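Colleague: Below are the structure tokens for one structure; questions will follow.
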Amino acid sequence: MNHYVQPDEFAGRTAVVTGGGSGIGRAVARRWAAGGGHVTVVGRRADPLRETVALIEAAGGSADAVTCDVRDAAAVDTAVDGVAERHGRLDVLVNNAAGNFVLPGEELSPNGWKAVIDIVLNGTFHCTRAAARHMLPQGSGAVLNVIASYAWHGHPGTVHSAAAKAGVLAMTRTLAVEWAPRGVRLNCIAPGPTETEGASAALWPTDTARERVLASVPAARFTTPEEVAESAAFLIGDRAAYVTGDVLVVDGGQWLGKSVYATEPSGA
């Protein structure tokens, strides 16, 4: 039992979590539901979403799932409008859907660039815009965008992802100023190396790469999705009611050393 959880912390509220079928998204969805709120998990693949819903319901929480590609603005509008109509309101949006891989910039194809930009930057905008159509009229709401520290310090092999996440950070801060007078907060969370299947495959696919990444973390360990979810719960909850336009870094001090992910030498 997570001793931080208050069963009624999010009672009567509804959240949408994109990329909710695995990893950080699943952990955030489960943490929200554990606090008494309803959560709708969104993603492209139905089976992982159903697994998340089953885990939440088995623990006594309330959840449902909607398959949707965040790159499709019309589909996003339909999905988010449906959630608001079914539950009468929308209180929280967590933009967690992402795509990433490590590759030297000169080897990145236009399609590779576009794939990441479309999911991370455009998808985040589509979802945020759709949520705002419900949050702004009701005069309340919180949006949390999952980024990474290389959005502001950069790192070799991440030009597509860093550019996309930097755009999300700029969007977050811009809209935080625009929407604060209307009761809607926007913040970012920047997890460090997190022990998930997707991250392992994309960012440290070999034992050598894993050891190099781990050596860059002053805390000398990877974080867990549950630890990230706990920090997310703070930002989307009432304890952070006066926090907007900020970034919470959850990385064990890694970004301070400016060493994140390294690409294997060409020909290795």
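All of the numbers you see were taken from the coordinates with simple rules; none came from a lab. Computed from a prediction, not measured in an experiment: that's the story for all the values here. As a convention, Cβ positions derive from the backbone with ideal geometry for all residues, glycine included, and neighbour counts pool all protein chains shown.
Colleague: Taking H as built 1.01 Å from N, whose amide H comes closer than 5 Å to the amide H of Thr244, not counting residues under 5 places away?
Modeller: Close amide H contacts, sequence-distant or interchain: none at all.
Colleague: Provide the gained length on full extension for the span Gln6 to Arg239, in nm with one decimal, where the gain is 0.36 nm per separating residue minus the Cα-Cα distance.
Modeller: 82.6 nm
Colleague: Within a 10 angstrom radius of the beta carbon, how do Arg239, Arg13 rank from fewest other beta carbons to most?
Modeller: With the fewest neighbours first, Arg239, Arg13 line up as Arg239, Arg13.
Colleague: Among Ile24, Ile56, which comes first, then next, by fewest other beta-carbon atoms within 10 Å?
Modeller: Ile56, Ile24
Colleague: In deg cm²/dmol and to the nearest 500, what is the mean residue ellipticity at 222 nm of the chain if only DSSP H runs of at least 4 residues count, each as -39500 (n - 2.57), divided by the residue total?
Modeller: Rounded to the nearest 500, it is -13500 deg cm²/dmol.
Colleague: Sum up the charges of everything whose Cβ sits under 14 Å from the Cβ of Ala27, counting Lys and Arg as +1 and Asp and Glu as -1, but leave Ala27 out.
Modeller: -3
Colleague: Helix hunt in the chain: which complete DSSP H runs extend at least 20 Å axially by C-alpha with mean Kyte-Doolittle at least -0.5?
Modeller: For the chain, where a helix must reach 20 Å along its axis and average at least -0.5, the hits are 73-87, 123-138, 159-179.
Colleague: In addition: Placing unit charges on C-beta atoms (Lys and Arg positive, Asp and Glu negative, everything else neutral), compute the dipole magnitude of the chain about its Cα centre in debye, rounded to 20.
Modeller: 460 debye
Colleague: If packing is taken as the mean number of other Cβ atoms within 10 Å per residue, what is the order of 170-177, 30-37, 159-166, 218-225, highest first?
Modeller: In decreasing order of mean packing, 170-177, 30-37, 159-166, 218-225 become 30-37, 159-166, 170-177, 218-225.
Colleague: Further, regarding this structure: Report the one residue of Gly60, Asn145, Thr196 whose Cα lies farthest in the direction of the positive end of the charge dipole of the chain (charges on C-beta: Lys and Arg +1, Asp and Glu -1; origin at the Cα centre).
Modeller: Ranked along the dipole, the leading option is Asn145.
Colleague: How many nm is it between the label spots at Ala220 and Glu57, if each spot is 7 Å from the Cα in line with the beta carbon?
Modeller: 4.5 nm
Colleague: To continue, here is another question. Only Cα pairs under 8 Å and at least 6 apart count here; give the relative contact order of the stretch 14-252 as a rounded whole percent.
Modeller: After rounding, I find 20 percent.
Colleague: Related question: Could you work out the local net charge near Ala220, counting Lys and Arg as +1, Asp and Glu as -1, over the other residues with Cβ closer than 15 Å to its Cβ?
Modeller: Value of the local net charge: -1.
Colleague: Amide H to amide H under 5 Å from Val39: which residues, 5+ apart in sequence or cross-chain, H placed 1.01 Å off N in plane?
Modeller: Ala15, Ser62, Ala63, Asp64
Colleague: I'm checking a number: the convex hull volume of the Cα atoms of the chain, normalised per residue, in Å³. What is it?
Modeller: Each residue corresponds to 124 Å³ of Cα convex hull volume.
Colleague: Within the stretch 156-192, name every residue whose backbone N is under 16 Å away from a label modeled 7 Å from Cα of Glu106 along the Cβ vector.
Modeller: Output list for this probe position: 156-159.
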